[in-house]
Ligand SMILES: [Zn+2]
C-alpha cells in the first residue's frame, strides 16, 4: 500500500540504498539500520533515518485505493478492521477510524522514552519537526526528548532486536481487534491481504489464520509472493492497480 503512494520500498538492499545512498557507502542495510541500538550509539544518525521517514510519511498522500476501500465499506454497509504492519499512519490519514486499526509494528507518529523512564507513549504533535541533513543521514539538534525525564525520545516502532519497545498502544489495538473478531465470529470474513511479504510474515499468518477460522473469501494481492493456500485467491499485481480494477467491476454499487 505504501509503495503505490510513492513511499520507498525497503525490501531488498537496492530499494533501500536508492533512498539512502550514504548507507550504501557504510554497507548498512534496512535490518541493521532499524535497530534501537543506534539511539544509544549515535542518536543524530538514528533520527537522521527515522526523522526522514517521519517527514516523508507526513508529506505523502495515500493513493486512491485507500479511498476505494472506504467507499465499498460504506456503500455495502460492511463492518471492517484494518490490520497493518505499516508504520506510516496512512490508514488514519485517508480516513479509516483509529478505533478499528491495529498497527502491529507500532507507528512513527508516536514516541516513547529511549531510557524507559515510565513516561509511556505520546503522539507526535503537528508542529513537531526535525531538521535533517538527508545526504549524510543526520538529524540536527534539538532531537526529540521525553517530556518526563528530558532524555532522548525514539519512535514507538518495533525494531529488530527491540527488547525495550513499548507495546502498550499496539497491545490495546490488538485487544480491540480480537474483540471485533469475536463479535463477528458467526459471520464469514472477506480477508483482503495487500502487499504482505514473506520476510516478516505476521500479516500473512494472521490473515490466513482468521480466514481459516471464520471461513469466507481470502484474496492475496501481491506482485511477488502471491502463492496462496488451497481455496484462497490471489492477484499478482500491485495494490492500487488491483483496487482500481475491483472498483471497475463493482461499478454497480455507485
Ligand atoms: Zn523519559
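The values are calculated or read from the model by the stated rules, or taken from the named source; none is laboratory data. Since the structure is predicted, the reported quantities are computational estimates derived from the model, not experimental observations. When we count neighbours, we look across all protein chains shown, and the Cβ atoms used for this are built from the backbone with ideal geometry, even at glycine.
A compact table of results
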read-out: Qualifying positions in region 130-166 - surrounded by 15 or more Cβ atoms within 10 Å (Cβ to Cβ) and away from the ligand (no atom under 16 Å from the Cβ); value: 130, 132, 134, 137, 138, 139, 157, 158, 159, 162
read-out: Qualifying residue in region 167-179 (condition: modelled with pLDDT under 95, closer than 23 Å to residue 60 by Cβ and away from the ligand (no atom under 16 Å from the Cβ)); value: no
read-out: Contacts under 6 angstrom Cβ, first residue in region 138-154 being farther than 21 Å from residue 33 by Cα and touching a residue at least 24 places away in the same chain (Cβ under 8 Å), partner assigned to a loop (DSSP other than H, G, I, E, B) and within 13 Å of the ligand (Cβ to nearest atom), 6 or more apart; value: 146/119; 148/117; 148/119; 149/117; 151/115
read-out: Matching residues, region 193-203, being touching a helix residue (DSSP H, G or I) at 6+ places or on another chain (Cβ under 8 Å), on the phi < 0 side of the Ramachandran plot and surrounded by 19 or more Cβ atoms within 10 Å (Cβ to Cβ); value: 193, 194, 196
read-out: Residue 3 vs. criteria modelled with pLDDT of 95 or more and out of contact with any helix residue (DSSP H, G or I) (no Cβ under 6 Å at 6 or more places or on another chain); value: no
read-out: Some residue of region 104-125 being out of contact with any strand residue (DSSP E or B) (no Cβ under 9 Å at 6 or more places or on another chain), closer than 22 Å to residue 39 by Cα and away from the ligand (no atom under 16 Å from the Cβ); value: yes
read-out: Of all residues making up region 75-105, the number that are modelled with pLDDT of 95 or more and under 18 Å from residue 248 (Cβ atoms); value: 0
read-out: Test for residue 4: is it more than 19 Å from residue 142 (Cβ to Cβ), under 19 Å from the mean Cα position of the chain (by Cα) and part of a loop (DSSP other than H, G, I, E, B); value: no
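Results for (1) more than 21 Å from the chain's Cα centre (by Cα); (2) surrounded by 14 or more Cβ atoms within 10 Å (Cβ to Cβ), shown as yes or no for each residue.
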position	(1), (2)
207	no, yes
215	yes, no
226	no, no
230	yes, no
249	yes, no
